[in-house]
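The values are calculated or read from the model by the stated rules, or taken from the named source; none is laboratory data. Everything numeric in this text was worked out from a predicted model, so none of it was measured. Cβ coordinates were reconstructed from backbone atoms using ideal geometry, including for glycine residues, and neighbour counts include every protein chain displayed. Remember, those area values only see protein heavy atoms, side chains included, never the ligands or the DNA or RNA. Shrake-Rupley method; radii C 1.70, N 1.55, O 1.52, S 1.80 Å.
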Amino acid sequence: MTGPSELGPFLYLFAGAAGLLVGSFLNVLAHRLPRGESVVWPGSHCPACGAPITALQNIPVVSWIALRGKCAVCRAPIPLRYPALEIANAALWIGVALKARDWGGFLSGAFLTSACLALLAIDAEFQILPDKITLTGIAAGIGLAFLSPSRAPLSAVLGAALGAGGLFLVAFLYEKIAGHEGMGLGDVKMLGMIGAFLGPAGVLLTILLASLSGSVVGIALIAAGAGTRKLRLPFGVFLAIGAVAAYFFGAPLIARYREMWPQ
Ligand SMILES: [Zn+2]
């Protein structure tokens with residue numbers, strides 16, 4: 001098989017089902033990585049009563065609906081965030097399937113969007129971006145570029161270097177000017193990962209989109225009296241949104257921009 005399109009309509013069924021299953025694993029990552037727990041052992045268990053979750057109770061979305069959002073043993077509520085994250089991941093993977101021209105490209109898009117989704121969930125709740133996702137992502141972004149005819153390994157390496165190096169410079173300057181830390185090293189590594197997948201132009205577009213959306217939300221919060229100038233927004237959330245937007249809509253935006261500047 002040469003590309004995902006050969007599966008025809010089954011491709012979207014496959015992408016949706018695989019996206020739900022991996023979305024379920026992202027829930028495990030989002031729960032365990034910030035707590036320093038192993039992601040492979042022990043098996044899934046209820047965080048409230050410790051009861052093991054059986055295979056039948058672990059079907060994405062379906063089990064949550066069948067259990068009416070409660071643990072089968074202790075009836076502790078299972079947050080809506082769990083099925084929501086599974087559905088979001090399935091939707092992203094169907095979008096990736098529509099866009100990818102080859103299997104390497106599909107794997108690249110699936111990895112990037114899932115990693116961004118997990119980082120968004122973890123950064124929003126804990127304000128951390130685990131190395132296990134960002135550093136693995138840098139390696140995966142560069143490695144998968146060799147498997148995809150539509151991506152260039154050199155662009156992946158340059159993107160990672162520009163992403164991590166560029167944001168490190170921005171973070172350094174921000175700290176010097178504002179007098180307090182605006183971004184952490186987690187943001188720097190996350191942008192390195194984004195660059196490894198999207199290349200130099202994609203990483204610049206991501207910084208632009210993340211800064212714009214972060215500023216809009218920050219100014220809105222300050223205007224609503226909910227924040228101060230010292231407010232620290234989880235920048236990883238905006239980087240995740242910016243990277244996914246740049247992945248899906250970046251190519252036409254970058255092409256339009258280049259047209260504006262005759263060579
Ligand atoms: Zn329970």
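Within the bounds of segment 50-57, is there any residue that is in a helix (DSSP H, G or I), closer than 26 Å to G236 by Cα and either modelled with pLDDT under 95 or more than 16 Å from the ligand (Cβ to nearest atom) (or both)? Checked segment 50-57: no residue is in a helix (DSSP H, G or I), closer than 26 Å to G236 by Cα and either modelled with pLDDT under 95 or more than 16 Å from the ligand (Cβ to nearest atom) (or both).
Yes or no, residue by residue, for (1) closer than 30 Å to A97 by Cα; (2) free of Cβ contacts under 8 Å to residues at least 60 places away in the same chain; (3) of a type in the set (V, I, T):
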site: L154; (1), (2), (3): yes, yes, no
site: L169; (1), (2), (3): no, yes, no
site: G199; (1), (2), (3): yes, yes, no
site: T206; (1), (2), (3): yes, yes, yes
site: G218; (1), (2), (3): no, yes, no
site: L221; (1), (2), (3): no, yes, no
site: F238; (1), (2), (3): yes, yes, no
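In segment 32-49, of all residues being within 13 Å of the ligand (Cβ to nearest atom) and in a loop (DSSP other than H, G, I, E, B), the one that is surrounded by the most Cβ atoms within 10 Å (Cβ to Cβ) corresponds to C46. Restricting attention to segment 82-92, the residues that are within 16 Å of the ligand (Cβ to nearest atom) and either surrounded by fewer than 18 Cβ atoms within 10 Å (Cβ to Cβ) or of a type outside the set (F, W, Y) (or both) add up to 0. Among the residues of segment 58-81, count how many are more than 11 Å from the ligand (Cβ to nearest atom) and either within 22 Å of W93 (Cβ to Cβ) or not in a helix (DSSP H, G or I) (or both). Selection size over segment 58-81: 13.
For the criterion of being open to solvent by less than 50 Å² (accessible area, probe 1.4 Å), more than 16 Å from the ligand (Cβ to nearest atom) and free of Cβ contacts under 8 Å to residues at least 24 places away in the same chain, P130 fails. Listed by first and then second residue, the pairs linking a residue in segment 51-78 that is over 18 Å from H31 (Cα atoms) and among the basic types (K, R) to a residue that is within 14 Å of the ligand (Cβ to nearest atom) and assigned to a loop (DSSP other than H, G, I, E, B), with Cβ atoms under 8 Å apart and 6 or more places separating them unless they lie on different chains, form an empty list. Each residue in segment 144-154 was checked for being surrounded by fewer than 19 Cβ atoms within 10 Å (Cβ to Cβ), small (G, A, S) and assigned to a helix (DSSP H, G or I), and 0 pass. Exactly one residue out of G23, G95 is under 16 Å from the mean Cα position of the chain (by Cα) and either open to solvent by 40 Å² or more (accessible area, probe 1.4 Å) or over 20 Å from L129 (Cα atoms) (or both), and it is G95.
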